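Enquirer: This is the structure I want to talk about, given as structure tokens.
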Protein chains: 2
Amino acid sequence: MGIVVVGTVAFDTVETPFGKGENVLGGSATYFSTSASFFSDVSLVAVVGEDFPEEHLQFLRSREIDLQGLQRLPGKTFHWTGKYGYDLNEAQTLDTQLNVLMDFKPQLPETYCDTDVLFLANIDPELQLEVLDQVKKPRLVACDSMNFWISSKPAALKEVIKRVDIVIINEGEARMLTGEPNLIKAARQIIALGCKRLVVKRGEYGVLMFTSDSVFAAPAYPLEEVFDPTGAGDTFAGGFIGYLANTGDLSEEGIRQALVFGSVMASFNVEDFSLERLKRLEYQEIETRYRSFRQLTTFRDLSTNG
Amino acid sequence: MGIVVVGTVAFDTVETPFGKGENVLGGSATYFSTSASFFSDVSLVAVVGEDFPEEHLQFLRSREIDLQGLQRLPGKTFHWTGKYGYDLNEAQTLDTQLNVLMDFKPQLPETYCDTDVLFLANIDPELQLEVLDQVKKPRLVACDSMNFWISSKPAALKEVIKRVDIVIINEGEARMLTGEPNLIKAARQIIALGCKRLVVKRGEYGVLMFTSDSVFAAPAYPLEEVFDPTGAGDTFAGGFIGYLANTGDLSEEGIRQALVFGSVMASFNVEDFSLERLKRLEYQEIETRYRSFRQLTTFRDLSTNG
């Protein structure tokens, strides 16, 4: 199945204790689509300004990402500036220049409306709703969001949650959205809003996935070198949804497997700045790390113990 | 195999957002031995004061814990007062009355010196070394410690680490001991001090276990109600070491399984104040929750996916 992703394409200026990247390629849709492209066809809906260089478009095309839905508007590309301390779990936003993003009205090309899989990356939930109105009969819809929309547009966001299959947010956002400090209770409340499945990202602690009657826990891959966590969440979502779109297996088992592929992709992404690691990633490395995840988490059943 | 545990028996006064327990039974050796007693014979070495009531001794005896090594000294029993906020991961110590603990000189009864398994719960590392000098040929020795000893007696603590098989500490302590913010690097450094295996406790995020050439990650059991995290680490260690002592299986697989039993025991302990949950725990519940841990973490191998 093919995926349509709607989100941002951006320039990032990022500082971590290990270095700095200025005006590097970033944005939720960029990370998502690059990651998903290892598994599935991806079509990207986003906006860039006149300053967006051909080099980056070439890279996205080299990943066979369909760019029909990438609008180019007069003005500058969205620019995010952020910083991470030694605690690489949370970014400190230093500056946000929305630029052309302020005029973004996602318009799906006709052929995109038949998509089987839709990913609504982190943008204004009112725009996410407009996209949902444009797609016909997707088999799977997932969304991300962020603290800014939870506090500024909670009603629209809750409407989005009601209309998607899988919500992917981080731990702090799940607590913020519900006002519930216990994460398990918070998860139950979010599922009660109407989505089928909630994936809670916990940075270096991994991921929890909830349905109304199951929980799955996957650790993050233990890395000795984490250079830049920017885009880890979108890279995770790209691997997760990309693998699902590839297999089409929406059973609990199939979804768990896809989720681990998401964790695998995120673990590569943080090993270098911007999309540098994904640019030089080979598919064989992905499968090797998936096997390492199995080794990392496997323990024997009770019955096999004499 | 039987276990000897050396640590504290205490009165705790604990406040959490969900209630308060005053002068309740606590102490590292108490939690450890109660938890381990579900799997193995346990002998306890600790000290109490004249105020320690027969009722608590009766409880320990009801768990078939050998109390020959429990000294009673003139004065009051060690008393810890602490508080937890909604973030139940870290206790705030409000008061510590060492009382008879100040005069504690662990002296192993003759028959204890032949023990197969020794657990050095969190006490002064110099006392831990004295205990190590008393045991003859244990098959397995594990230890815990805390931030206070890391800063006040680092040399003695490093000597303990060199002489034990398994070190069990929490995430912050691992970073503090090495001065290394990356946990994986910190773990490598601790193993380089001479222990075979390091278990890093991460509270609600579970546990990581390291050897020089492997890592194992186990999540914490997702609980909707956590009343009191006091003793969770010692209850974890008790289940872990207790199960290992029971099976005697020191293979990587055997140790992983035991570690999950530790997580199972800890998950019960936090469901009520003091040792109340362990007091009413049935063995069948332990096995049921072990199976739930498998369901929580299992995902399929790559080769089974077409």
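Here is a yes/no grid of residues against (1) modelled with pLDDT of 95 or more; (2) under 27 Å from B:R72 (Cβ atoms); (3) surrounded by fewer than 16 Cβ atoms within 10 Å (Cβ to Cβ):
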| site | (1), (2), (3) |
| --- | --- |
| B:D103 | no, yes, yes |
| B:L132 | yes, yes, no |
| B:L140 | yes, no, no |
| B:S145 | yes, yes, no |
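Enquirer: Related question: Filter segment A:274-287 for residues that are touching a residue at least 60 places away in the same chain (Cβ under 8 Å) and either surrounded by 22 or more Cβ atoms within 10 Å (Cβ to Cβ) or not aromatic (F, W, Y) (or both) and give the result.
Expert: A:S274, A:L275, A:L278, A:K279, A:L281, A:I286
Enquirer: Right, another one. Can you tell me which of (1) within 8 Å of chain A (Cβ to nearest Cβ); (2) buried (at least 20 other Cβ atoms within 10 Å of the Cβ); (3) more than 18 Å from the chain's Cα centre (by Cα) is the one B:F227 doesn't meet?
Expert: (1)
Enquirer: Sticking with this one: Between residues in segment A:10-28 that are without any contact (Cβ under 8 Å) to a residue 24 or more places away in the chain and residues that are assigned to a strand (DSSP E or B), which pairs lie under 8 Å by C-beta distance while being six or more apart or on different chains?
Expert: From residues that are without any contact (Cβ under 8 Å) to a residue 24 or more places away in the chain, the pairs are A:K20/A:T13; A:K20/A:V14; A:E22/A:T13.
Enquirer: Can I ask one more? Taking the residues in segment A:109-126 that are surrounded by fewer than 18 Cβ atoms within 10 Å (Cβ to Cβ) and outside any loop (DSSP other than H, G, I, E, B) as candidates, determine which candidate is nearest to the chain's Cα centre (by Cα).
Expert: A:E126
Enquirer: Right, next: Considering only residues that are modelled with pLDDT under 95, farther than 18 Å from B:G21 by Cβ and over 19 Å from the mean Cα position of the chain (by Cα), which ones fall in segment B:61-93?
Expert: Selection gives B:D87 alone.
For (1) surrounded by fewer than 20 Cβ atoms within 10 Å (Cβ to Cβ); (2) away from every other protein chain (no Cβ under 14 Å); (3) over 21 Å from B:E90 (Cα atoms); (4) basic (K, R), each residue gets a yes or a no:
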| residue | (1), (2), (3), (4) |
| --- | --- |
| B:A155 | yes, yes, yes, no |
| B:V164 | no, yes, yes, no |
| B:L193 | yes, yes, yes, no |
| B:L208 | no, no, no, no |
| B:F216 | no, no, yes, no |
| B:G238 | no, yes, no, no |
| B:N246 | yes, no, yes, no |
| B:R256 | yes, no, yes, yes |
| B:V260 | no, no, yes, no |
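Enquirer: Sticking with this structure for a sec: Is it the case that segment A:198-206 has a residue that's more than 10 Å from chain B (Cβ to nearest Cβ), assigned to a loop (DSSP other than H, G, I, E, B) and either hydrophobic (A, V, I, L, M, F, W, C) or at negative phi (or both)?
Expert: Checked segment A:198-206: no residue is more than 10 Å from chain B (Cβ to nearest Cβ), assigned to a loop (DSSP other than H, G, I, E, B) and either hydrophobic (A, V, I, L, M, F, W, C) or at negative phi (or both).
Enquirer: Here's another thing I want to ask about it. Can you report the number of residues in segment A:1-19 which are outside any strand (DSSP E or B) and closer than 26 Å to A:P125 by Cα?
Expert: Of the residues in that region, 5 qualify.
Enquirer: Here is a further query. Given (1) in a helix (DSSP H, G or I); (2) among the hydrophobic types (A, V, I, L, M, F, W, C); (3) within 14 Å of another protein chain (Cβ to nearest Cβ), identify the lone condition not met by B:L132.
Expert: For B:L132, the failing item is (3).
Enquirer: Ok, one more. Only one residue in B:R294, B:R289, B:R277 is in contact with an Asp or Glu (Cβ under 9 Å, 6 or more places away or on another chain), part of a helix (DSSP H, G or I), more than 21 Å from B:E64 (Cα to Cα) and among the basic types (K, R). Which one?
Expert: On inspection, the qualifying residue turns out to be B:R294.
Enquirer: Of the residues that sit in segment B:16-58 and are surrounded by 17 or more Cβ atoms within 10 Å (Cβ to Cβ) and aromatic (F, W, Y), which one is nearest to B:E276 (Cα to Cα)?
Expert: B:Y31
Enquirer: Sort out which residues of segment A:75-94 are assigned to a loop (DSSP other than H, G, I, E, B), of a type outside the set (D, E) and either in contact with a Lys or Arg (Cβ under 6 Å, 6 or more places away or on another chain) or away from every other protein chain (no Cβ under 12 Å) (or both), and write them in order of number.
Expert: A:G75, A:K76, A:T77, A:F78, A:A91
Enquirer: May I pose another question? Take segment B:166-191 and flag every residue that is more than 12 Å from chain A (Cβ to nearest Cβ) and either among the acidic types (D, E) or crowded, with 19+ Cβ neighbours inside 10 Å (or both).
Expert: B:I166, B:V167, B:I168, B:I169, B:N170, B:E173, B:A174, B:L177, B:T178, B:I190
The values are calculated or read from the model by the stated rules, or taken from the named source; none is laboratory data. As the structure is a prediction and not an experimental result, all values here were calculated from the model. Because the Cβ atoms are built from the backbone with ideal geometry, glycine has one as well, and the counts that use them run over all protein chains shown.
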